[in-house]
Structures are given as structure tokens and as C-alpha cells.
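What follows is a set of notes on a single structure, which appears directly below.
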Amino acid sequence: MLACCPAPPRALRRDRALTGSSDVDALSVVHVGQAAALLASRSGVLVPVTAGPTGLAPGGLCVPDRAALSAVLGGWSGSHRVATIDLRSWHAAATAVELRIPAAVRAGVTAAQLAELDRGLPDQRAGFDATQRAAELARGALEAPPGELDARVAMTVGAGIGTTPAGDDVICGVLAGLDLLGHAGAHGRLGAAVTPLLAATTRASRHLLAAAVTGRYTESLIGLAAALASASAPAVRDALAVLRRWGASSGLDQATGLTAAIRAGSLAGAGAR
């Protein structure tokens with residue numbers, strides 16, 4: 001079977017960290033969702049291909065709509081499936097995007113912005129209290145002894161169901177919030193506690209957690225962080241509306257983690273820790 005080589009769509013973008021075209025020359029399909037597909041390189045590294053306004057995921061490519069995503073999957077899903085998907089032409093045509101929280105947005109968050117964010121967050125769901133767990137992790141990263149933080153992280157990694165369990169999404173949000181406030185030490189402590197436990201969660205979630213540990217996040221989560229630093233409550237509302245489209249509840253769980261980190265970090269005082 002031959003490789004499928006679809007023509008690059010318009011407005012194609014890629015994570016700047018996806019540097020080599022050889023990383024996307026022989027991809028296989030791992031998972032297909034409503035507006036995303038997880039592909040894997042020959043070495044097993046995941047390459048998320050996302051569609052629509054939710055934007056890029058770390059290590060991935062983003063197309064403007066589901067129709068463009070279908071071009072990738074068409075040759076794989078038919079009765080005569082291709083062996084691999086070759087996206088080297090996509091890599092060459094894509095605009096590179098940095099998936100880090102810019103240092104310029106690291107600023108104070110107003111009470112009005114947090115109130116706007118709180119209004120958009122969900123009530124507690126049965127089975128996993130994302131709000132409480134996020135608060136525990138944020139405080140633990142800032143204040144708790146290493147052993148206590150390790151125990152909290154161990155209870156959270158892989159907690160929940162789905163392609164990306166809720167616990168992992170919360171951790172990504174907490175890491176982003178600590179990053180936004182410039183608490184580099186706390187970010188490093190939480191990341192160090194997460195890394196040994198990556199094998200305890202799903203393949204897709206492991207990919208996103210590992211990226212968050214290095215300070216790289218989904219584009220929609222970065223958008224919410226930037227909105228919180230913009231001194232605009234309407235911008236927060238709009239950014240949260242975009243983030244909530246990430247998965248069934250993943251975006252909201254990330255926002256819950258971000259909010260908890262901002263509250264804990266603000267109480268701990270401004271500046272890096």
C-alpha cells in the first residue's frame with residue numbers, strides 16, 4: 001500500500017516544536033475524534049491534527065475546519081486503506097506557532113476577570129471534584145513538602161475517563177496558571193512530580209502532560225492565559241468559550257486548574273518561586 005499525501009489546505013499551522021519534516025512522513029492513525037485526529041510517527045511520537053477554532057495542540061498541526069481534516073483521513077478510512085499518511089508537504093506549507101505563554105502576558109489578574117472565569121466554569125461533577133483537586137495541587141506545588149505533593153499528583157494522574165482524563169487536564173491547567181504568574185519553581189516541582197507517573201495515563205494524555213511539564217500547552221489554553229492578563233473581562237469570556245470546545249470537558253477542566261493556580265499563586269505573592 002502507498003502513503004496518502006493530501007495537498008496542504010489553506011491557513012495551515014504547526015507547532016514550532018514540530019521541526020523536522022521527517023517526523024511526519026510515515027504517520028499512522030491512533031485515534032479520531034470530532035475535530036481532531038491523533039497520528040503517530042514511526043518512532044511512536046504523537047502528532048495531533050486539530051481542526052477549527054480550538055487551535056493547535058503541542059507537537060501538532062491545525063487545519064481550519066473538519067473538511068480539511070477529512071483529507072488526511074480519507075485515504076486511511078476507506079476500503080482500500082493506505083499504509084501511512086505523509087504530511088511532509090503540510091509541514092513545509094504550515095506557519096509555525098509558538099505554543100508557550102509569552103513572558104509579556106505574565107501580569108496580575110483582576111478580580112473582575114476571575115469572577116468572569118468562575119461564572120463560566122462548571123459545577124462539581126460526580127466522581128471527580130476538579131475544583132478541589134486543582135486547589136490542592138496548586139497549593140501543593142507552591143507550599144507542600146515534596147512527599148505530600150507527590151501523593152497528591154499520584155491520586156490525580158489518570159483520574160477520570162476518556163481520551164484525556166479529567167485529572168490530567170486539571171494538571172495541565174495548574175501548570176499553565178503557575179507559568180502565567182511566573183512561579184517557575186512551583187511549576188518545576190509539579191512537573192517533576194508528574195513526569196515519573198506519565199505511564200499511568202492514556203497515550204494522548206501522556207503527550208499533553210509531557211508538553212505542559214516543559215511549558216507548552218494547547219493554543220486555546222494559552223489564549224485563556226493571555227485573556228486573563230489583558231485586563232478585559234469580555235476577553236476572558238470569549239477565550240473560555242473557545243477553550244470549552246476542547247474535548248467533551250477537557251477544556252473546562254484545564255480552565256479549572258488554571259483558575260486554582262492563579263488564586264493560590266496570587267495569595268502566595270507576586271513573582272517567581
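Quick note: the coordinates plus some simple rules give every number you see, no bench work behind them. Please read these numbers as outputs of a predicted model, since none were measured by experiment. A quick note on method: Cβ atoms are made from the backbone with ideal geometry, for glycine too, and the neighbour counts reach across all protein chains shown.
How big is segment 124-273 by the Kirkwood estimate over distinct Cα pairs, in Å?
It works out to 14.7 Å.
Given a Förster distance of 45 angstrom, what is the FRET efficiency for residue 111 paired with residue 7, based on the Cβ-Cβ distance and rounded to 0.05?
After rounding to 0.05, the efficiency reads 0.35.
If you average the sequence gap of Cα pairs under 8 Å that are 6 or more apart and divide by the length of the chain, what percent do you get for the contact order?
Normalised by residue count, the contact order of the chain is 22 percent.
Can you give me the three principal axis dimensions of segment 149-188 from its C-alpha atoms, in Å, biggest first?
Reported extents, whole Å, longest axis first: 31, 20, 9.
Residue 45 label point, 7 Å along Cα→Cβ, cut-off 14 Å on backbone N: hits in segment 166-207?
Inside the label zone: 207.
From the square roots a ≥ b ≥ c of the eigenvalues of the alpha-carbon gyration tensor of segment 1-76, which class results: rounded (a/c under 1.5), prolate (a/b over b/c), or oblate?
Taking the square roots of the gyration eigenvalues as a ≥ b ≥ c, segment 1-76 is rounded.
Cα centroid distance between segment 224-256 and segment 146-209, in Å?
Spelled out, the Cα-based centre of one part sits 19 Å from the other.
For segment 135-228, what's the relative contact order in percent, using C-alpha pairs closer than 8 Å and at least 6 residues apart?
Relative CO of segment 135-228 lands at 30 percent.
Averaging over every viewing direction, what projected area does the convex hull of the Cα atoms of segment 209-254 cover, in nm²?
About 3.2 nm², averaged over all directions.
Quick one: Karplus J couplings for segment 28-44, per residue in order, coefficients 6.51, -1.76, 1.60, θ = phi - 60°, nearest Hz, x for Gly and Pro?
10, 7, 9, 7, 10, x, 5, 9, 7, 9, 9, 10, 10, 6, 4, 7, x
Can you give the extra length, in nm with one decimal, that the chain gains between residue 121 and residue 70 once fully stretched, where that is 0.36 nm per residue apart less the Cα-Cα distance?
Length gained between residue 121 and residue 70: 15.2 nm.
Sticking with the crude label model, points 7 Å out along Cα→Cβ, report the distance from residue 104 to residue 154 in nm, one decimal please.
For the pair residue 104/residue 154, the computed spacing is 4.4 nm.
How much net charge surrounds residue 62 when only other residues with a Cβ under 11 Å from its Cβ are counted (Lys, Arg +1; Asp, Glu -1)?
-1
Can you compute the helix-only [θ] at 222 nm over the chain? Use -39500 (n - 2.57) per DSSP H run of at least 4 residues, normalise by all residues, nearest 500 deg cm²/dmol.
-15000 deg cm²/dmol
How much of the DSSP beta bridge set in segment 24-104 is antiparallel, as a percent to the nearest 5?
75
Residues with amide H under 5 Å of residue 30's amide H, sequence separation 5 or more or different chain, H placed in the peptide plane at 1.01 Å from N; which?
38, 39, 40
How long are the semi-axes of the ellipsoid equivalent to the chain, from square roots of 5 times the Cα gyration tensor eigenvalues, in whole Å, largest first?
33, 19, 16
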